[in-house]
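This report refers to the structure that appears directly beneath it.
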Amino acid sequence: MEFFNAEIVEIKELIHNAKSFLFRLEDGKHFPYQAGQFVMLKANLHGEEVKRAYSIVSPPPKDFKHAEYIELIIKHVPGGKLTDYLFCLNEGSLIEVAGPFGQFILKEPIQEGDIFMATGSGIAPFMSMLRKVFRDHNPKEFYLFFGVRKMKEIIYADELYQWDKEHENFHLIICLSNPEKSWNGEIGYVQDLLEQYVDGFENKQAYLCGLPIMVEQSKQKLIELGVKKENIYHEEY
C-alpha cells in the first residue's frame with residue numbers, strides 16, 4: 001500500500017461531531033477515482049502506526065488535471081486514536097493518504113428509479129455519487145432515503161434540501177428515529193418507508209450504506225419487494 005502526503009486546505013464543521021476535510025495531494029500526484037470509493041489515512045501516533053478508511057465525498061473530477069483534490073467526511077469517535085488526532089489538526093497540516101480503494105461504486109448511467117439508502121455517516125459515498133449525478137444532469141428519477149437519530153445529525157442538510165428543491169427527478173426522504181419535537185418529517189427507520197415512496201421495484205437498482213442492521217434489513221426488504229439480489233450494492237459502516 002503506497003502512501004503519499006496530502007495537505008489539509010480546508011476544514012468545515014458539518015454537524016456537532018463531523019467535519020469536512022478538503023485535501024490537496026502532494027505536487028504532481030493525481031488521483032483518479034470513482035464515485036463511492038474510499039481512501040486510507042495514516043499517522044504515526046506515539047510510536048504506533050494508525051490507519052483508518054474514509055469515503056470520498058467529492059465527485060470524481062471531470063478532467064485529470066484536477067484529480068489532486070479530495071474531500072472526506074470525518075466523524076469524531078470519542079477515544080478514537082486517529083479521529084482525536086485529526087480533529088486537532090489545522091488547515092496547512094499534512095497527513096498520509098493511500099488509495100483509492102473499494103468496489104462500492106456508482107453504476108453508470110443511473111437507471112430510472114434507482115434507490116439510495118443511508119444512515120449516519122453512511123451518506124459519505126452517496127455524496128460523491130449524487131454530486132456527480134447532478135453535475136452530469138442525469139434526468140432519471142431516483143430516491144435517497146437517509147436515516148439519522150435527530151435533526152442535528154443530518155450531514156450536508158443544506159445541500160440535500162437544495163437538491164430536493166431544484167430537481168424534480170430527485171426524491172429526498174429523511175427519517176429520524178428519535179426526533180426533536182419540532183421535527184415534522186418521517187419518523188422511524190428508512191427500510192420501513194420504501195413502499196410508501198417507491199412505485200414498483202422490478203428492474204430497480206439499490207445502494208445501501210450505513211449501520212449493518214439497516215443494510216441487512218433493507219436488503220431483505222428490497223428482495224421481498226422484487227429487487228434482484230444482484231442489483232443491490234452495499235457497504236456497512
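Read-outs throughout are calculated quantities, based only on the coordinates presented, and are distinct from any laboratory measurement. Here the structure is a predicted model, which means the values were calculated and not measured. Because the Cβ atoms are built from the backbone with ideal geometry, glycine has one as well, and the counts that use them run over all protein chains shown.
Under the criterion of Cα pairs below 8 Å and six or more residues apart, the relative contact order for the stretch 114-236 equals 28 percent.
The H on the amide N of Tyr207, modeled in the peptide plane, is under 5 Å from the matching H of Ile115, Phe116, Met117, Tyr233, each at least 5 residues off or on a different chain. Here the calculated FRET efficiency for Glu112 and Glu216, from their Cβ-Cβ distance with R0 = 22 Å, stands at 0.25, rounded to the nearest 0.05.
On full extension, the segment bounded by Asn184 and Phe134 gains 15.3 nm, given 0.36 nm per residue less the C-alpha separation. What relative contact order, as a whole-number percentage, does the chain give when Cα pairs under 8 Å and 6 or more residues apart are counted? For the chain, the relative contact order is 19 percent. Peptides 208-216, 101-109, 192-200 ranked from most to least packed, by the mean per-residue count of other Cβ atoms within 10 Å: 208-216, 101-109, 192-200. If r is the Cβ-Cβ distance from Glu26 to Glu159 and R0 is 35 Å, what FRET efficiency results, to the nearest 0.05? With R0 = 35 Å, the Cβ-Cβ based efficiency is 0.75.
Shown here for the stretch 151-237: trypsin sites (Lys or Arg not before Pro) in loop regions (DSSP other than H, G, I, E, B) with at most 10 other Cβ atoms within 10 Å, namely Lys181.
Going down the table (Lys29/Lys75; Lys42/Lys75; Lys107/Lys132; Lys19/Lys81; Lys51/Lys75; Lys12/Lys42), which pairs top 18 Å between alpha carbons? Over 18 Å Cα-Cα: Lys29/Lys75; Lys12/Lys42. Note on the stretch 4-101: Cα-only Rg and Dmax are 12.9, 40 Å. Tell me, what are the semi-axes, in whole angstrom and largest first, of the equivalent ellipsoid of the stretch 114-236 as set by the roots of 5 times the Cα gyration tensor eigenvalues? So the equivalent ellipsoid measures 20, 18, 13 Å along its semi-axes. Percent relative contact order of the stretch 4-101, based on C-alpha pairs within less than 8 angstrom and at least six residues apart? Reported as a whole number, the value is 38 percent. Remark: the Cα gyration tensor places the chain in the prolate category, a/c being 1.5 or greater and a/b exceeding b/c. Per-residue ellipticity at 222 nm, computed for the chain from helices alone with -39500 (n - 2.57) per DSSP H run of at least four residues, works out to -5500 deg cm²/dmol.
Using only the C-alpha atoms, the convex hull of the stretch 67-168 corresponds to 149 Å³ per residue.
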